[in-house]
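See below for the structure under consideration.
The values are calculated or read from the model by the stated rules, or taken from the named source; none is laboratory data. Note that the structure is a prediction, hence the values are computed from the model and not measured. With ideal geometry, Cβ positions are generated from the backbone for all residues, glycine too; neighbour counts draw on all protein chains shown. The area values use the complete protein model at the heavy-atom level, side chains included, leaving out ligands, DNA and RNA. Shrake-Rupley method; radii C 1.70, N 1.55, O 1.52, S 1.80 Å.
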Amino acid sequence: MQLCEMVSIGTEDSLSTFSVYSFVPILVGLLNHENNPDITLLAARALTHLVDVLPSSFVVVVHYGAISCFVARLLTIEYMDLAEQSLQALKKISQEHPTACLRAGALMAVLSYLDFFSTRVQRVALATATNMCKKLPSDASDFVMEVVPPMTNLLQYHDAKDNAFLSIFPGIK
């Protein structure tokens, strides 16, 4: 808990001596801690704050497999706070490493339970999907094809989500 607090109030300058290579693997391990949701949530928050405050940590967070952990937390939602925190983390990571997120299955994960979340959280999910789809690699068709069913369901709605979703794939109308 103290680590999470320290990272959340830290700045890039104050965390310049923070040992990212020492703490990120531990935090990723705690993100997989099945027996204590509070520890898992704190690890997710610490990782999210870390990439937010310390841009150099993105590479380390990706390297140690945090994306797959966040994706897993979205595909098997047991705790709403943890799912929402996972979405926040993936949004931040997808801004710098969209292809890594895409290859880890994050596109499907952020769109799978879209209706389950509040409008605010849905916007985070759609922004995350948009980040991943801005510069799709040429070999990404499998990742995009798997989200066609959730996309089809989303396009059936006649509310603000339509406009946000169409920003992901502007060619779909």
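Key figures
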item: Test: Ala100 is out of contact with any Lys or Arg (no Cβ under 7 Å at 6 or more places or on another chain), closer than 30 Å to Ser56 by Cα and either open to solvent by 40 Å² or more (accessible area, probe 1.4 Å) or modelled with pLDDT of 90 or more (or both); result: yes
item: Residues that are at pLDDT below 85 and either part of a helix (DSSP H, G or I) or in contact with a Phe, Trp or Tyr (Cβ under 8 Å, 6 or more places away or on another chain) (or both), drawn from region 10-40; result: Gly10, Val20
item: Ser94 touching a helix residue (DSSP H, G or I) at 6+ places or on another chain (Cβ under 6 Å), touching a residue at least 40 places away in the same chain (Cβ under 8 Å), under 25 Å from Ser56 (Cα atoms) and surrounded by 21 or more Cβ atoms within 10 Å (Cβ to Cβ); result: no
item: Cβ-Cβ under 8 Å pairs, at least 6 apart or on other chains, region 14-40 side open to solvent by 40 Å² or more (accessible area, probe 1.4 Å), far side modelled with pLDDT under 85; result: Phe23/Leu3; Ile39/His33
item: Residue match in region 51-64 (condition: under 22 Å from Leu111 (Cα atoms), in contact (Cβ under 8 Å) with a residue 24 or more places away in the chain and out of contact with any strand residue (DSSP E or B) (no Cβ under 7 Å at 6 or more places or on another chain)); result: yes
item: Residue match in region 61-72 (condition: farther than 22 Å from Thr130 by Cα and polar (S, T, N, Q)); result: no
item: Members of region 115-155 found to be open to solvent by 30 Å² or more (accessible area, probe 1.4 Å), in a loop (DSSP other than H, G, I, E, B), within 23 Å of Thr48 (Cα to Cα) and not charged (D, E, K, R), listed by number; result: Ser118
